[in-house]
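The values are calculated or read from the model by the stated rules, or taken from the named source; none is laboratory data. All values reported here derive from a predicted model rather than from experimental measurement. Note: ideal-geometry Cβ built from the backbone for every residue, glycine included; neighbour counts use all protein chains shown.
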Amino acid sequence: MAPKNKPIVARKLNLDKDYSTITPMIILGIETSCDDTCASIVKATGRKNPTFEILSNVRSSQIDIHQEFGGVVPNLAARAHVENMNPVLIKAFKDTGLNISKGKSGIDLIAVTSHPGLIPCLLIGTNVARTLAWLWEKPIIGVNHLKGHIYANWITSQDTTIKYPAISLVVSGGHTQLILMKKRDDFKIIGETRDDAAGEAFDKVAKLLGLPFPGGPPVSKAAEKGNPEKYPFTPPMLASNNYDFSFSGLKTAVLYLVQGLTKNNKRLTKKQIYDISASFQYAITRVLVVKTIRAGKQYKAKTVILGGGVAANKELKKKMRHAIEKELPKATPLFPSPGMAVDNAAMIAIAGYFEYIAGKAKTWRDIKARAVV
Ligand code: KG4
Ligand code: ZN
């Protein structure tokens with residue numbers, strides 16, 4: 001007869017006693033919510049007005065794997081996370097220049113993206129993080145990926161200089177949300193996409209134009225040479241009396257245009273690709289800017305924050321900056337550097353620290369991945 005399984009009892013971690021006075025804190029961030037395997041080590045100093053120093057920030061992209069599908073295939077992404085996680089972690093430790101050996105981590109806190117995202121992918125990162133938290137007996141935070149995109153801006157700006165209320169526009173491959181922040185840790189979603197995310201629209205339009213995945217960078221590059229007035233797409237939901245977005249109609253408008261231009265086996269010319277890219281980018285950035293500014297006015301925003309992969313878009317940043325200067329002159333724009341706009345684990349470490357000082361530290365048992373916010 002098989003022996004009866006004995007229940008495994010975890011050692012109890014006294015979070016308050018062990019960790020509440022540590023400063024600076026060394027945080028390990030882990031991000032695997034989509035198709036980037038990321039690990040970062042961040043030094044956070046101070047509780048009241050925290051400052052952050054990125055000691056390492058490693059990102060392993062899976063573009064090569066998903067390119068041929070024109071989008072992220074969750075199970076392939078998860079498999080790649082399994083393969084990439086350890087080399088990424090090892091590099092993140094090496095890059096710090098700190099003398100951190102395997103058994104003695106030197107890490108005070110672990111922050112891992114636990115939601116929202118692709119479940120097979122989130123499970124890899126959260127399980128690695130839980131295992132390390134158990135092994136090292138450290139507190140752990142399950143981070144909301146979208147908050148990470150917002151807090152990515154705290155690297156370039158001092159916490160004390162950021163004024164509220166703030167309006168945050170998070171635009172990524174999976175999400176498009178307008179968020180009202182009355183204070184640093186107060187998030188209220190006031191609008192979101194009803195269908196495709198902004199980044200997803202860039203990706204789908206790129207596919208229609210025969211440009212590579214992910215579509216944001218090649219479409220915006222092609223747009224630089226094109227005429228944004230050549231194909232006047234209607235910016236979707238511009239006049240709607242709310243802060244929601246919709247991009248699937250815009251993608252369909254591009255589809256019909258491409259179908260018309262490629263009738264009788266014709267191929268798109270380079271000029272047509274440039275002009276369609278510019279016209280599409282004009283329409284999508286216009287609605288993103290108009291709605292953000294409208295929300296900024298209604299809520300008397302003192303700061304306008306951008307986050308997510310699409311926040312790397314030069315045209316979006318240019319238009320947003322210009323509109324803020326003109327229509328919200330008292331507000332300060334807060335835009336991430338391109339490296340901090342896309343998925344990375346430093347932003348997860350920073351978000352984790354804010355949750356930590358808000359008293360939300362957990363033990364490994366309490367961290368669960370979930371697909372939605
Ligand atoms: O935040 P992110 O790295 O991952 C998700 O959380 O989804 O965002 C990826 C998305 C992709 O859809 C990509 O096409 C888009 O961000 N993106 C851009 C640019 N760079 C990345 N979209 C427009 N312009 C860019 N320069
Ligand atoms: Zn993201």
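Scanning segment 313-358 for residues that are in contact with a strand residue (DSSP E or B) (Cβ under 9 Å, 6 or more places away or on another chain) and assigned to a loop (DSSP other than H, G, I, E, B) yields 313, 328, 331, 335, 336, 342, 343, 344, 345.
Results for (1) under 20 Å from residue 34 (Cβ atoms); (2) under 18 Å from the mean Cα position of the chain (by Cα); (3) modelled with pLDDT of 95 or more, shown as yes or no for each residue.
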| site | (1), (2), (3) |
| --- | --- |
| 196 | yes, yes, yes |
| 206 | yes, no, yes |
| 222 | no, no, yes |
| 236 | no, no, no |
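Being buried (at least 24 other Cβ atoms within 10 Å of the Cβ) and either closer than 18 Å to residue 360 by Cβ or touching a residue at least 40 places away in the same chain (Cβ under 8 Å) (or both) holds for only one residue in 199, 174, 210, and it is 199. Please go through segment 140-181 and give me each residue that is in a helix (DSSP H, G or I) and of a type in the set (A, V, I, L, M, F, W, C), ordered by number. The answer is 146, 150, 152, 154, 155. Is there a residue being touching a His at 6+ places or on another chain (Cβ under 9 Å), among the aliphatic types (A, V, I, L, M) and within 16 Å of ligand 2 (Cβ to nearest atom) anywhere in segment 308-327? Yes: one or more hits.
If the condition is being within 14 Å of ligand 1 (Cβ to nearest atom), closer than 21 Å to residue 189 by Cβ and surrounded by 20 or more Cβ atoms within 10 Å (Cβ to Cβ), then segment 324-373 contributes 335, 336, 341, 343, 347, 348, 351.
Test residue 253 against the criterion of being part of a helix (DSSP H, G or I), at pLDDT 95 or above and either out of contact with any Pro (no Cβ under 8 Å at 6 or more places or on another chain) or surrounded by fewer than 17 Cβ atoms within 10 Å (Cβ to Cβ) (or both), and give yes or no. Please lay out each step first, then the result.
Working: part of a helix (DSSP H, G or I): yes; at pLDDT 95 or above: yes; either out of contact with any Pro (no Cβ under 8 Å at 6 or more places or on another chain) or surrounded by fewer than 17 Cβ atoms within 10 Å (Cβ to Cβ) (or both): yes.
Yes; evaluated as a whole, the condition is true for this residue.
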